[in-house]
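Working notes, beginning with the structure itself.
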Amino acid sequence: MRIPYALLLAFMFSCSGIIAMAQTMISGKITDRKSNEPLKGATVRVDGTTMGGLTAKDGSFSIKVGKGGTYKLSVNFVGYKKQSRTISVKDGETASAVFNLEADLLKLNETVVVGYGTTQKRDVTGSYATVKSEEIVNRPAPSFESLLQGRSPGVQVLQSNGMAGTAATVRVRGVGSISANTQPLYVVDGVPITTGDFGSGSIATNSNALSFLNPNDIESIDILKDAAATAIYGSRGANGVVLITTKRGKLGAARISMGVSQGIKTEANRLDIVDRDTWINLFYEARRNDVVDSLQKLPVNKGKSWTNVQGMIDTSTTWQNIINNTRMPQGFTRETAANTNWLNQTLRTGNTQEAYLTISGGSETTKYYFNTTYFNEKGFIVGNDYQRINTRITLDQKANDWLDIGVSFNANREENNRVNSAWAGGFGNAFSASLPIFPVYDSTGAYWRPQTGLNPVADLENRRFLATTWRLFGNGYAQVNLADNLNIRFSGGVDFMSLREDRFAPIVITADPTAEERRVQVVNWTTNAILSWKALDLEDHQLTVVGGMESQRSEQRDLGTTGNTFPNNYFTTPQSASVRNGYAFGTEFGLISYLARTSYTLMDRYLFSLSIRTDGSSRFGENNRYGFFPAGSFAWIMSNEDFLKGNDVLTFAKIRASYGISGNAAIGDFTWQGVYSTGSNYNGNPGTMPGQLPNSDLTWETSRQLDLGIDFGLFNDRISGSIGYYDRMSYGMLLNERVPSSSGFSSVINNVGEMSNTGIEFNIRSVNISTPEFEWTTDFNITYNVNKIISLGTITNPDGVDLGFGETRAIVGYPFASFFIVRSAGVDPETGLPVYYRPTTVAGADGKPIQNNGLNGRPLTLEEARDSLGVPLAWNATWRVPTGKNYPDFFGGITNTFRYENFDFTTQFVYQIGNTIYDDAGKRLVGNMGFSWNQMTKTLDRWTEPGQETDVPRLTLKGNRDINTDRFIYNGDFLRLRQLTIGYTLPKSMSEGMGFSTFRIYLTGINLLTFTSFPGWDPEVVRDHNGDQQRNGNQGVTYLTPPQAQTFNVGINVDF
Amino acid sequence: MNTFLNKGLLTIALASLLLMSACSDVLDVRNEGQLSTEAALSDARSVNVAMSGIYATLQGTLGSGIPASPTEALAGDIVYAGSDYGYLEIWTQNMSLFTPSFSGFWDNSYRGINAINNVIVSLPDIKDLTEVQKSQIEGECKFLRGVMTFEMLRIWGHQYGFKADNSHPGVIVRTAPTRGTAGLAIGRSSVEDCYAQVISDLKSAESLLPDTKRDGYANKSAAIAYLARVYFQKNDFTNAYAYADQLVKGGKFSLAATPRDVFYKGGNTESIFQMALTTQTNSFGAIRGMYQKTAFGEPPFTVSPDFAAALDASPSTDLRKQQYIKQSGSFRYCTKYDTLIANVNVIRYAEILFIHAEAGLEIGKPESEVLADVNLIRKRANVPEDNSTTGKAALLDLIGKERRLEMCFEGDRFHYLKRTKSSNIRGLSWNDNKLLAKIPSSEVSGNPGIELNP
């Protein structure tokens, strides 16, 4: 199919052949140094001329050089080190040259996708992280983003939980905002896509607009981290940019790939909770404690010890009867209590299936790619399922010698059976309010229904919440090659999402069955024109210029209706309801941008780059409609200097520095406007009220970032890596500043907050063993990040800004998402009551009282832990102090890849160090019998007799222990075997005999091992919330949040 | 050459296509759910809708028993048995910056006042309103602003007369709409100035408003009644009497047939200004929740022994013993709000009669006239008329006792005790700082220089 290049070249240079009748040629062969295999498609070029070409299938090349002389030949091939050699040839003769290319472990000439263009890895001056297709395919994961975990330094990824269809949080170089969205911008083939949670709330799990992405379609993911890389994305670059390049057709015969996989899925860890008998014993112990306590307070028992009174009770039948006749919750007694393991009733072994088919190929002029993938998951929580079908087709056509056009189109359908989890009930209820003494079914076989609360089995099995998403995503381009070194590319893309939620709560879970149907439509389109000009291409000077404009618009429309009062139990949609209530919502934004970048390379070792972007956005106040985002960077490839050339140890060294400004425009569509809102109705008439104070100066949040880095290769690049330092300052962060409430408003949103993220990133790749039979590579990365709130504008209250529940806060001088909480001083050994630190108040510099951190961190003495009357100090909200934080100091991953003959073996560990986890449910799950919840086994450490040293207080059915203290803040460190894969590829001879070019079978396990001291379900946890501020602050907080999934998968991939 | 032309043409075509799409007002977006202030107050209909919003804010406070029920916790006729920390703060006479019912009252009232000021400023430019309609709207605005300011003044300011020149701090007087962030932090006006503002607003309302009665909306009589209440609270008996007398002589109002009718029946002759409640905007639950006995046990507010004694002292025929109070086991509770939904009285004729009687007595009207007012109340309650009491002190005592029973739990008692300079408001003197609500944190954090209540 392909025209042999030699022929092509021969034709091209036939002019020179006319002069010298006898052809003067250089021909030869390019091979791989290690395997001696021929290399097809390598570039051979005669330096200083335009002569050259590509090698043929057998690695051969042949260049007519016109006349005899000495020529310098350079050979370049992706993945191999460049080689140059001087060849002499006489007139009319053919000289031969054989090049054995050495693999370039650093892949310096590999293409890196940067904003609005590509470059070679060698020429990169900013900070990028690349994740390749092979690192993410064939791995079952709840979300595409979670596959990025542990792959790149500076990129922290946490999957919210293991439920089907849920999202992960991705944070590039720390969290960069308090109230605005902090997720990176996702750009698929140049089109910024719709992301976020469009599901209706109240079931405690967020939905994920990114879930439509099919890992099988992804060629590579480039994560832009520093300002040099992100500033070209202007007002949306501050949180980093994730550039997703999808697969497209390649030159060659049709290639067909297919694969299937099957997996089973369970919870990664199970919470230790007490069984029925233990719970009953704890209940009656609490009751006995209460009796002892009240008796001890009687004047007649004055002076008697706890043990004394307890002895008295234990020997008194009267008292024993009083205690034993106490009814347990919902009126159960020891005799009538059921014995239910609610976790067994609500968890199950789930499974996954995936199948895909890819057909791709192309000629010189037409390239095509087609993929369809089916993915089905039965979640590990009863009732939770997910299904996805992706279809994608791309076509690239070289219309003529100056015009390239192409399109790609994706149609995806997702179906998610969502269930109540966490605080919303359902699964969250199964280990909290659902006690082991409660039955699942009553005596008639119907679901048992508590007087208050719910039966989680009934809820999970019968509540309908079916979310169906259609996602149509298409884009196209036309590239006009105005000259060899100048082209202009016009492209446009549409991202259409239609979400339909079909909900119904039937009679078995509610007295008033309710149905709801909700439609969400998000349409988002982008057009741009980008001019690329290679202005200079000389040996020592290369200059490229990119410039263009882009516009984007996004619209969201919601429409829904709820219905009540159904004719009978079989009508379950609003259509049949007698009472219907509709609602509607709409929002939109527009963005128009101008951008330019210029890069200059001097003498192959000094690289300069400068980029600017101007963004105008409807989200910005009318006084600040346009933002300007510049960045500059410089890199020095030190190893190309003479003094390092030929150095055996330091084989590659590049020093990078960049500085620039980018923005975060995820500030809400109408935040700046002064508006009247509806809803203040009076006497049946609609009413409006001023709803928001205008702020015409409102702008994007800004991030300025300094980045310094060294990329290195040692020992012939057997060891390579990068070390980097960043200093990222987010300022102009949006905060609700208080205004006097007598103005009619409580706050106005202003650009006032400042927060810094400073960090060190390190990654290293070591090719430990590399023989034809055995290869072993280790990748390790670690990031150290320090976050600190510098300013909250006029917000000066000591507890700062609330980020959600569990007292997670932003406080000046402390890391974002610190806890502001009363510190527990343990349990008073004499009484078994909890005691707390009471911070002493000291005068600050300005004379106002400030709180120190709980007696300067010294534990209370027993005397201090009691008041002057000897009563243990009770909890008091004014004793809260900042303590703990939920973002880690260190995080990263370790990946080992082995290949022995046809076996491959991969392990990936991910880890996180230095964060704390706040278990907001701990206050009810550990030692708080008064709340009538099930208990974690930690409760068994409770205080039982005077003198006992423990950290779980005396049990009681009375009193209010439902309070936030640092007793429920745990060390959040974890190391997790995220992935383990064993694969076997059939030897070529065998697979080709079967008609396949490749045949691989593999076994993958996800989340097989977790090392942590966290006693809850899972240390990898994000408490789900609606609203950006809550989501920013609630990673590392749990309130009955489900665990991650553990998966075993077996699959087959074949190519032919 | 040809190719060159083609490339150029195509490039220009594509570029203009792009520019057309980009320039078609990409940045011009529509905020569907909300309106700009200009649009929200642009014509008659939008102004009427904004007026509903203003009434709705008042409904959120006066219509849901705020500040009435929290003041009852201060006044001593109830015992608080609930566990709400806000009410506990009030009940324990230890109010803070955060005491929710009062801080919410402050925020909500000022939200309403800002909305009022917006309407007043926009009113002259509304083209499709007649002058008569404009007067009516302006009158309602002034009335509501006067009411809100006055009701706040009684909570945050010491009683008129606390200082001889009444220079002690009242509340913040706001008469301009908030349309930007500059200059929002202003201080409190003196009690003297606050009264002047309230009276001026109410007098404008009186002159602007027609006297058509619409339940739930302001009219001339409501303004007159409120003027009587305001003057009476500052112990200006001459004016209080004059305004009360207008209503007494006017013959538009009379006591409802039975004590409970005014609470349960719409369109009765006794209510002068009510908050209209419909099931859709039911703020009634809040006030009901404080008093109503439920399946879960006793309500948060039960009758104090002191009030029970006062009630028991009344003759057994007193209908109010059944219609205002109920016994349940060991406790008694108020039943004025013991229904699912009803309009909430803001000011009613019975109070005007008490003002008429007491102010009349103070300015030397005949004792028979004073007794006639009181006897109207007694008769309606099926209590024998009192025609024997004589002498100012005895009559004041009679009016006070009758007023306590009739106006119980409506938020009247606290202000009565302060006005009469009682030395025993649950153990505190009328001028005790503990009886003042604290300036809420929502104000202080945006207005750090504001003078705080001690």
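Below is a table of values for the structure above.
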| quantity | calculated |
| --- | --- |
| Cut-off 19 Å, label 7 Å out along Cα→Cβ of residue A:415, residues of segment A:344-363 by amide N | A:350-356 |
| Segment A:108-147-segment B:191-210 distance, computed between alpha-carbon centres (Å) | 71 |
| Spin-label model distance (nm) - residue B:176 vs residue A:502, 7 Å beyond Cα toward Cβ | 5.9 |
| Spatially proximal aspartates and glutamates relative to residue B:265 (Cα-Cα < 15 Å; intrachain offsets below 8 disregarded) | B:215, B:338 |
| Relative packing of peptides A:972-980, A:286-294, A:794-802 - highest average C-beta neighbours within 10 Å first | A:972-980, A:286-294, A:794-802 |
| Potential lengthening between residue A:370 and residue A:270 on full extension [0.36 nm per residue; Cα-Cα distance subtracted] | 31.8 nm |
| HN-Hα J in Hz across segment B:42-59 - Karplus 6.51, -1.76, 1.60, θ = phi - 60°, x for Gly and Pro | 10, 9, 4, 5, 5, 5, 4, 5, 5, 5, 4, x, 5, 4, 4, 5, 5, 4 |
| Tensor-based shape of segment A:997-1042 (alpha-carbon gyration tensor, a/c under 1.5 rounded, otherwise prolate or oblate) | oblate |
| Additional length obtainable on full extension of the chain from residue A:483 to residue A:78, 0.36 nm per residue less Cα span | 143.3 nm |
| For B:106-115, mean number of other protein chain Cβ atoms within 10 Å | 5 |
| Cβ crowding within 10 Å averaged over residues, with A:596-606, B:262-272 ranked highest first | B:262-272, A:596-606 |
| Shielding by other protein chains, B:440-453, mean Cβ within 10 Å | 4 |
| Computed E for residue B:340/residue A:318 - FRET, C-beta separation, R0 45 angstrom, nearest 0.05 | 0.45 |
| Listed pairs A:29/A:72; B:293/B:379; B:249/B:421; A:40/A:67; B:293/B:418 exceeding 22 Å between Cα atoms | B:293/B:379; B:249/B:421; A:40/A:67; B:293/B:418 |
| Cα-based equivalent ellipsoid, the protein assembly as shown: semi-axes from gyration tensor eigenvalues, Å | 72, 40, 29 |
| Cut-off under 5 Å, modelled amide H: who pairs with residue A:179 long-range | A:734 |
| For B:252, A:654, B:379, order by how many other beta-carbon atoms lie within 10 Å, fewest first | B:379, B:252, A:654 |
| Separation of alpha-carbon centers, segment B:399-454 and segment A:41-69, rounded to whole Å | 98 |
| Shielding by partners - mean other protein chain Cβ count within 10 Å, residues of A:688-701 | 5 |
| Estimated inter-spin distance, residue A:642 and residue B:235, nm [label 7 Å along Cα→Cβ] | 10.3 |
| All lysines inside 16 Å of residue A:988 as judged from Cα atoms, apart from same-chain residues fewer than 8 positions distant | none |
| Segment A:255-319: C-alpha gyration tensor shape, a/c 1.5 cut-off, then a/b vs b/c | prolate |
| Protection proxy ranking of B:300-309, A:223-232 - average other beta-carbon atoms within 10 Å, highest first | A:223-232, B:300-309 |
| Label-point separation, residue A:570 to residue A:470 (7 Å along Cα→Cβ), nm | 3.0 |
| Segment A:248-267 and segment A:330-351: distance between their alpha carbon centers, rounded to Å | 42 |
| Nearest-0.05 FRET efficiency for residue B:9 and residue A:628, computed from C-beta distance (R0 30 Å) | 0.35 |
| Rounded if a/c under 1.5, otherwise prolate or oblate - chain B, Cα gyration tensor axes | prolate |
| Estimated FRET transfer efficiency (residue A:671, residue B:85; beta-carbon r; R0 25 Å; 0.05) | 0.15 |
| Proximal aspartates and glutamates to residue A:302, defined as alpha-carbon separation beneath 18 angstrom and excluding residues fewer than eight positions away on the same chain | A:290, A:293, A:830 |
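Each value in this text was obtained by applying a stated rule to the coordinates, not by laboratory testing. These figures come from a predicted structure and were not determined experimentally. No Cβ is skipped: glycine too gets one built from the backbone with ideal geometry, and neighbour counts run over all protein chains shown.
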